[in-house]
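Q: Quick one: this structure, given as structure tokens, is what I'll be asking you about.
Throughout, read-outs are computed from the coordinates displayed, never taken from laboratory work. Since we're looking at a predicted model, the values are computed, not measured. Cβ coordinates were reconstructed from backbone atoms using ideal geometry, including for glycine residues, and neighbour counts include every protein chain displayed.
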Amino acid sequence: MYFFYFYPVGTNRKQGRQPVLSWSLMVFMLVAFIWYKYFPLVFNTHPEDLIFFPGSGQPWTVVTAIFLHGGWLHLLGNLVYFNVFGPLLESRVGHGMFFVYVIMMGALGNIVHGFVASQGLFGQYGVGVLGASGAIAGLLAFSMIRFHNAKVEIAWWVFAPLMGQNRAGRSKVALQVAVGLWLLLQVVHALVASQTGGTVSYGAHFGGFFMGLSLALAMGQWREGHLEGLRDKAADYFKDGAYHASVGMWLEYLELLPSDWSARLELARAQVLGDQVSLAAKNFRKVFQYNFRIGNINGALDVFQEANRASLISTFTPEEMAKIAYYQEKQLDFVGAIKTHQILWSTYPESSEGQRSLVRIIMLYKGKVNQPATLRHWLETANQTLPEGGWRQFLVEEFKTQGGIDASGGQDPSAALPTPGNPEPCRPKP
């Protein structure tokens, strides 16, 4: 005598969005079971009319039978499997498609059971079917494709009294191994049932499994699973401090999906910590430009700030930095705008954008940030560095009532400076 049981208790993949539909379906199964078991006469429809019997009954019972169960062990066993794999798939394919997949897998499983029962296979002849086992078998097959490089934790029990074995535990195994073992046990049990009979619908299991496998392959889930596996490995390497390995995983991922800009940003972060500074700078700028193209201004500003913290500002052009400062001012982030203008001016002091930024620093300190001493400092800087021309003349006109930035008439630009804080006329700002 030998028994081996195992149930999945979790995987190493993150769940993602809240699995509202999975939880709702599980609650519905529980409520339907209580109705079937304890209050069958509450409604006009009797629950047994919703069980699928091959060759009789209404055609929609191939669907309604999915949500009914024969006993507590039947229900709880299915809920355990559904709770592990349902939320994972729902978060990947979306609520609507997940519901469609569950119905398709469960219905085909029941249809295959109908064929099996009509032929008297597996020791079953004319037997009805109820339960979500066909749908769950489909979830297992779908998961085997979608999460083909994932691991699943199983709780197991080996009971072999004739051999003196009674052991239980929990182990992490490859998901494909666990699903393959489950499928092998179904085949073995089905062959035994052919001789002895049984109450488990192996036809529904095989039918649901085939449908789940077919849907996953048809919907390109193998590729999606491979991409997710690369992302997870890259993130794990980064968390463990293996930055070069993380870079390698992100590069492999982006070869397959170059349009994933969040992944390119993660690549840039790994390259910074992996001392690949020039490559990181290029990727920061690519992500920055993409965010501007799609109108995600806040995203572009965040990328710029992150590049700034990594001392990678030199990769941005003066025009790009001017855009950043412009949008910071629009968002009333005057302190942030001043910092960006300072970076632009100090990096490109000879360019027109750099000189314009010097003027904007002065005007922001004059009109938006009340720091007279700092304003005087930047006026002195402008006196000493701004060449003759439009921007210098603009400041002269702006501070004319206070003596201009060069009150001595040009003999010595730093000899006389306006005193900040005096009233000023309203003028257009650059």
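Q: Is there a pair in 330/368; 339/400; 14/239; 233/286; 14/282; 233/282 whose C-alpha atoms are over 21 Å apart, and which pairs would that be?
A: 339/400; 233/286; 14/282; 233/282, as the Cα separations exceed 21 Å there.
Q: Sequence gap at least 6, Cα distance under 8 Å: using those rules, report the relative contact order of the range 3-219 to the nearest whole percent.
A: It rounds to 28 percent for the range 3-219.
Q: A follow-up question, please. Select from 214, 190, 169 the residue farthest towards the positive end of the dipole of the range 156-269; place +1 on Cβ of Lys and Arg, -1 on Cβ of Asp and Glu, and compute about the Cα centre.
A: 169
Q: Quick one: putting +1 on the C-beta of Lys and Arg, -1 on the C-beta of Asp and Glu, what dipole do you get for the range 274-315 around its Cα centre, in Debye to the nearest 20?
A: So the dipole magnitude of the range 274-315 works out to roughly 160 debye.
Q: Now a separate question. May I ask for the angle, rounded to the nearest 10°, between helix 95-119 and the longest principal axis of the chain, with both axes built from Cα atoms and the value confined to 0 to 90°?
A: So the helix axis and the longest Cα principal axis differ by about 20 degrees.
Q: A follow-up question, please. By count of other Cβ within 10 Å, fewest leading, how are 33, 159, 28, 284 ordered?
A: 28, 159, 33, 284
Q: If you take every residue apart from residue 65 with its C-beta less than 12 Å away from the C-beta of residue 65, what net charge results, scoring Lys and Arg +1 and Asp and Glu -1?
A: -2
Q: Once both labels are modelled 7 Å past Cα along the beta-carbon direction, what's the residue 377-residue 195 spacing in nm?
A: 9.1 nm
Q: While we're looking at this one, here's another question. About the Cα centre of the chain, how large is the charge dipole given +1 on each Lys and Arg Cβ and -1 on each Asp and Glu Cβ? Please answer in debye to the nearest 20. Provide the component values of the computation, followed by the final result.
A: Details: 33 positive and 29 negative charges, 93 e Å.
Rounded to the nearest 20 debye, it is 440 debye.
Q: Between (1) 94, 50, 37; (2) 90, 54, 38; (3) 112, 52, 36, which matches Cα extents along the principal axes in Å calculated for the structure shown?
A: It is the one labelled (3).
Q: For the chain, what does -39500 (n - 2.57) per DSSP helix run (n ≥ 4), summed and divided by total residues, give at 222 nm, in deg cm²/dmol to the nearest 500?
A: Helices in the chain give a 222 nm mean residue ellipticity of -20500 deg cm²/dmol.
Q: Test of understanding: given the chain, find the longest segment containing no GluC sites (Glu not before Pro) that are in a DSSP loop and have at most 12 other Cβ atoms within 10 Å.
A: In the chain, the maximal stretch lacking such sites is 1-349.
Q: For each of 43, 394, 99, 52, count neighbouring Cβ atoms within 10 Å of the residue's Cβ, then give the residues from fewest to most. Could the numbers behind the result be given before it?
A: On the way: 43 9, 394 20, 99 16, 52 28.
The most exposed by this proxy come first: 43, 99, 394, 52.
Q: In nm, what is the difference between 0.36 nm times the number of residues separating residue 31 and residue 370 and their Cα-Cα distance?
A: Working: separation 339, 0.36 × 339 = 122.04 nm, distance 6.63 nm.
Computed gain between residue 31 and residue 370 is 115.4 nm.
Q: For an R0 of 45 angstrom, estimate the FRET efficiency from the Cβ-Cβ distance between residue 244 and residue 332 and round to the nearest 0.05.
A: Values: r = 42 Å, r/R0 = 0.93.
Once the sixth-power term is evaluated, E becomes 0.60.
Q: Taking 41 Å as R0, compute the FRET efficiency from the Cβ-Cβ separation of residue 256 and residue 44 and round it to 0.05.
A: Working: r = 55 Å, r/R0 = 1.34.
With a Förster radius of 41 Å, E is 0.15.
Q: Would you please classify the overall shape of the range 62-170 from the alpha carbon gyration tensor, given that a ≥ b ≥ c denote the square roots of the eigenvalues, rounded means a/c under 1.5, and beyond that prolate means a/b larger than b/c while oblate covers the rest?
A: oblate
Q: Going through the range 310-398, which trypsin sites (Lys or Arg not before Pro) have at most 15 other Cβ atoms within 10 Å and a DSSP loop state?
A: In loop regions of the range 310-398 (DSSP not H, G, I, E or B), the sparsely surrounded trypsin sites (Lys or Arg not before Pro) are 368.
Q: If each residue's Cβ is checked for other Cβ atoms within 10 Å, how do 22, 118, 56, 91 rank with the fewest at the top?
A: Fewest-to-most Cβ neighbours within 10 Å comes out as 56, 118, 91, 22.
Q: Starting from the Cα-Cα distance between residue 305 and residue 76, subtract it from 0.36 nm times their residue separation and give me the gain in nm to one decimal.
A: Full extension of this stretch gives 77.3 nm more.
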